[in-house]
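The values are calculated or read from the model by the stated rules, or taken from the named source; none is laboratory data. Values in this document were obtained by computation on a predicted structure and should not be read as measured data. Neighbour counts run over all protein chains shown; Cβ positions are idealised from the backbone, glycine included.
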Amino acid sequence: MNIVALFKLVPDLVEELEIDQNGTALNTDFLRLIINEFDDHAIEQAILLKERSGARVSVLGPDIEGADDVLYTAASKGADQVIKLTGDFQGKANNHAMARAVASTLKELQADLILTGVQANTDLDGSMGALLAEYLDMPYVGYVSGVNTVDGKVVARKEYPGGLVAEMEIKLPAVLGIQAAEQPPRYVAVSKVRQAMKTATIEERPLAEADLSGGSTIHRMFKPEAGTRAEMIEGSADEVAARLVGIFKEIGVL
């Protein structure tokens, strides 16, 4: 089985985020990017499947700052192939554009199973997995928390709201949106990553110019603004109730 895991780099929400002068994007001058948490779980799930079934694992992501570290870390965990997609990724490519561009690369890799994080904090126009499935004409299951392979098929453990869990048998090829791997992403010692830097080769594959249609248009980005209409009502229960009734009458609710 040929498994491909995709990742994207997202802003580290621990850092203080700043909006650029145009007011439509984040200021990237001092922006720290890290691997999307769900994509990290997708890579871990791919490695677990390789350890159980002997599958071949490829990991690929965009050529932006921090990508090499993610790819070498994936190689140190056991990925057989690490690929950096080269192109213009300066914040202009939406998920629709990326899915269309990456789809051709995935066809070349002849992927049987594509794993990606179920969502990311920069998804404004839909999750990558669902869009990839559409452009590749493959089935998609999201919010997956475990995967097994059985007779050329995969059995995915899907989570629903309210604590409900279902097992779904899916014909390959397919795309899965991983919410959580069967175990937390494994820790890799820095020395092992450095060894991978000496032995692993990052393959570069260019992407065609992205078709930016289908994404969202940002007209304004701003931090939450303080309200000016809050009123704290004090007094006994009867006094508070009377004041609330008065307010409701003032605004026309009663």
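State whether one or more residues within the stretch 37-49 are surrounded by 16 or more Cβ atoms within 10 Å (Cβ to Cβ), modelled with pLDDT of 95 or more and over 18 Å from the mean Cα position of the chain (by Cα).
Checking the stretch 37-49: at least one residue is surrounded by 16 or more Cβ atoms within 10 Å (Cβ to Cβ), modelled with pLDDT of 95 or more and over 18 Å from the mean Cα position of the chain (by Cα).
Of all residues in the stretch 50-62 being at pLDDT 95 or above and among the hydrophobic types (A, V, I, L, M, F, W, C), which is surrounded by the fewest Cβ atoms within 10 Å (Cβ to Cβ)?
Among residues in the stretch 50-62 that are at pLDDT 95 or above and among the hydrophobic types (A, V, I, L, M, F, W, C), the one surrounded by the fewest Cβ atoms within 10 Å (Cβ to Cβ) is L60.
Each row is one residue, and each column tells you yes or no for (1) under 17 Å from I34 (Cβ atoms); (2) surrounded by 19 or more Cβ atoms within 10 Å (Cβ to Cβ).
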| residue | (1), (2) |
| --- | --- |
| I64 | yes, no |
| L71 | yes, yes |
| H96 | no, yes |
| Q110 | no, no |
| G117 | yes, yes |
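Being out of contact with any strand residue (DSSP E or B) (no Cβ under 7 Å at 6 or more places or on another chain) and either assigned to a loop (DSSP other than H, G, I, E, B) or modelled with pLDDT of 90 or more (or both): is that true of S76 here? Steps first, please.
Values: out of contact with any strand residue (DSSP E or B) (no Cβ under 7 Å at 6 or more places or on another chain): yes; either assigned to a loop (DSSP other than H, G, I, E, B) or modelled with pLDDT of 90 or more (or both): yes.
So S76 fits the description; yes.
Those residues that are of a type in the set (D, E, K, R) and surrounded by 22 or more Cβ atoms within 10 Å (Cβ to Cβ), I need them from the stretch 9-36; list them, please.
Applying the first criterion (of a type in the set (D, E, K, R)) to the stretch 9-36 yields 12, 15-16, 18, 20, 29, 32.
None - no residue of the stretch 9-36 is of a type in the set (D, E, K, R) and surrounded by 22 or more Cβ atoms within 10 Å (Cβ to Cβ), so the list stays empty.
Of all residues in the stretch 5-51 being touching a helix residue (DSSP H, G or I) at 6+ places or on another chain (Cβ under 6 Å) and of a type in the set (V, I, T), which is nearest to D80 (Cα to Cα)?
I47
Against the definition (touching a Lys or Arg at 6+ places or on another chain (Cβ under 9 Å), small (G, A, S) and either touching a residue at least 24 places away in the same chain (Cβ under 8 Å) or loosely packed, with under 15 Cβ neighbours inside 10 Å (or both)), how does S145 come out, yes or no? Reasoning before the result, please.
Working: touching a Lys or Arg at 6+ places or on another chain (Cβ under 9 Å): yes; small (G, A, S): yes; either touching a residue at least 24 places away in the same chain (Cβ under 8 Å) or loosely packed, with under 15 Cβ neighbours inside 10 Å (or both): yes.
So S145 passes the test.
Quick check on the stretch 25-34. Is at least one of its residues without any contact (Cβ under 8 Å) to a residue 12 or more places away in the chain and either within 22 Å of S127 (Cα to Cα) or in contact with a strand residue (DSSP E or B) (Cβ under 9 Å, 6 or more places away or on another chain) (or both)?
Here is the first cut: in the stretch 25-34, the residues without any contact (Cβ under 8 Å) to a residue 12 or more places away in the chain are 27, 29.
Subsequent filtering for residues that are either within 22 Å of S127 (Cα to Cα) or in contact with a strand residue (DSSP E or B) (Cβ under 9 Å, 6 or more places away or on another chain) (or both) retains 27.
There is at least one residue in the stretch 25-34 that is without any contact (Cβ under 8 Å) to a residue 12 or more places away in the chain and either within 22 Å of S127 (Cα to Cα) or in contact with a strand residue (DSSP E or B) (Cβ under 9 Å, 6 or more places away or on another chain) (or both).
Residue by residue through the stretch 120-134, note down the ones that are surrounded by fewer than 20 Cβ atoms within 10 Å (Cβ to Cβ) and in contact with a His (Cβ under 9 Å, 6 or more places away or on another chain).
Within the stretch 120-134, D125, G126 qualify.
Considering only the stretch 200-254, state which residues are over 30 Å from L85 (Cα atoms), surrounded by 10 or more Cβ atoms within 10 Å (Cβ to Cβ) and of a type in the set (D, E).
E239
Can you name the strands (runs of 3 or more DSSP E) wholly within the stretch 125-201 that have at least 2 residues being small (G, A, S)?
On the way: elements: 140-150, 153-160, 164-171, 174-178.
Qualifying strands (runs of 3 or more DSSP E): 140-150, 174-178.
Looking only at the stretch 217-239, which residues are within 30 Å of N94 (Cβ to Cβ) and of a type in the set (A, V, I, L, M, F, W, C)? Working first, answer last.
Kept after step one, since they are within 30 Å of N94 (Cβ to Cβ), are these residues of the stretch 217-239: 217-225.
Scanning the stretch 217-239 gives I218, M221, F222.
Out of the residues in the stretch 148-187 that are buried (at least 16 other Cβ atoms within 10 Å of the Cβ) and small (G, A, S), state the one that is nearest to E44 (Cα to Cα).
Of everything passing the filter in the stretch 148-187, A181 is nearest to E44 (Cα to Cα).
Which one is farthest from T24 (Cα to Cα) among residues in the stretch 202-241 that are in a loop (DSSP other than H, G, I, E, B) and of a type in the set (K, R)?
Of the residues in the stretch 202-241, the ones in a loop (DSSP other than H, G, I, E, B) are 207-236.
Within this subset, residues satisfying the condition of being of a type in the set (K, R) are 220, 223, 229.
Values: R220: 5, K223: 12, R229: 27 Å.
Looking at residues that are in a loop (DSSP other than H, G, I, E, B) and of a type in the set (K, R), I get R229.
Looking at the stretch 98-121, is at least one residue farther than 19 Å from V57 by Cβ and assigned to a strand (DSSP E or B)?
no
Report whether or not R100 is surrounded by fewer than 23 Cβ atoms within 10 Å (Cβ to Cβ), farther than 23 Å from V141 by Cβ, touching a residue at least 12 places away in the same chain (Cβ under 8 Å) and not hydrophobic (A, V, I, L, M, F, W, C). I'd like the intermediate steps shown before the answer.
Details: surrounded by fewer than 23 Cβ atoms within 10 Å (Cβ to Cβ): yes; farther than 23 Å from V141 by Cβ: no; touching a residue at least 12 places away in the same chain (Cβ under 8 Å): yes; not hydrophobic (A, V, I, L, M, F, W, C): yes.
Spelling it out, it is not the case that R100 is surrounded by fewer than 23 Cβ atoms within 10 Å (Cβ to Cβ), farther than 23 Å from V141 by Cβ, touching a residue at least 12 places away in the same chain (Cβ under 8 Å) and not hydrophobic (A, V, I, L, M, F, W, C).
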